[in-house]
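What follows is a set of notes on a single structure, which appears directly below.
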Amino acid sequence: MKKDRNYYFRIIHRYLGFYLAGIMAVYAISGVTLIFRKGDAFKKNVTEIVQLKPQLDSEKLGSELKIKDLNYIKTEGEIYFFEQGQYNFNSGEARYTVKKIPFVLDKMQKLHKATTKSPVYWLNVFFGISLLFFVISAFWMFLPSTAVFKKGVYFSLLGIIMTVIILFI
C-alpha cells in the first residue's frame, strides 16, 4: 500500500497535537489570565520587607519600591507611613504590601510574554510554528471533495472574518 502525503500529515498532526497538548493548556491558562492583568484578579497580598538606604524622601522611596506616586501619609517618630506600608526613616527598613500573581501563574505568564531576551523564547517560536503547521495540516485531514472538507473551509473563513471584525471594533 502506497502512503500518500495526507497519511503523513495526519500522523504528524496527531502526534504533534498530543505532544503540544500540555503546552497549549499552559498558553490557554496564561492567555486568559493575562486578560485580567490590569486588575487584581488572581493576585494576592504579599508583605515585603526590604532594607534600603535611610532618609529617603517619598519620591526616592517610591522609585526604590517601584510604587508610583508614593506619598507619606503621616509620621510617628522615625516611622513614615504611606498607603501600602511604612518606612523607618533612620534604619531604612521598609515594610509594605504588594499584590502579586501566584508563583506558578507568574511563571506561566512570563513564558507567554517571552521576548528574544528571555531564555525560553525559542518555545514560543516552536509553538507558533507548530500552530501554523496545525492550520495547514488540518486541510490534509480530509479529501477536498468531501462535505467535511468544504464545511471546514467555510468555518475557517468565518474564523478569519470574525477575527478581522473584532480587530477593527
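Bear in mind these aren't lab numbers, they're just calculated from the coordinates by the rules spelled out. No experiment lies behind these values; they were computed from the predicted model shown. For neighbour counting, all protein chains shown are included, and Cβ atoms are generated from backbone atoms with ideal geometry for every residue, glycine included.
Observations, loosely collected:
- Once exposed loop GluC sites (Glu not before Pro) are cut out (DSSP; at most 15 other Cβ, 10 Å), longest piece of the chain: 84-169
- Across the alpha-carbon atoms of the chain, the computed radius of gyration and Dmax are 25.8, 89 angstrom.
- Computed lengthening from Tyr19 to Val32, 0.36 nm per intervening residue step minus Cα-Cα distance: 2.5 nm
- Theoretical FRET efficiency, 1/(1+(r/R0)^6), r = Cβ-Cβ of Asp69 and Leu158, R0 41 Å, to 0.05: 0.30
- Model label zone, Arg10; criterion: amide N under 15 Å from point 7 Å along Cα-to-beta-carbon; scope region 106-137: 137
- Helix content alone sets the calculated 222 nm mean residue ellipticity of the chain: runs of n ≥ 4 DSSP H residues at -39500 (n - 2.57) each, divided across all residues, give -17500 deg cm²/dmol.
- For region 101-109, backbone phi angles converted through the Karplus equation (6.51, -1.76, 1.60; θ = phi - 60°) give residue-by-residue couplings of 6, x, 3, 5, 5, 4, 5, 5, 5 Hz, Gly and Pro being listed as x.
- Put simply, region 1-89 fits an ellipsoid with semi-axes of 56, 12, 10 Å; these come from the alpha carbon gyration tensor as the roots of five times its eigenvalues, largest first.
- The string of couplings for region 71-79 from the Karplus curve (6.51, -1.76, 1.60, θ = phi - 60°) is 9, 6, 8, 7, 10, 10, x, 8, 9 Hz, one whole number per residue in order, with x for Gly and Pro.
- Estimated inter-spin distance, Thr146 and Lys117, nm [label 7 Å along Cα→Cβ]: 4.8
- Ratio Rg/Rh [Cα only; Rh per Kirkwood] for region 44-100: 0.93
- Unit charges at the beta carbon, dipole of region 44-100: most positive-side option, Tyr80, Leu61, Tyr96: Tyr96
- R0 of 35 Å, Cβ-Cβ distance Asp40-Lys2: FRET efficiency to nearest 0.05: 0.05
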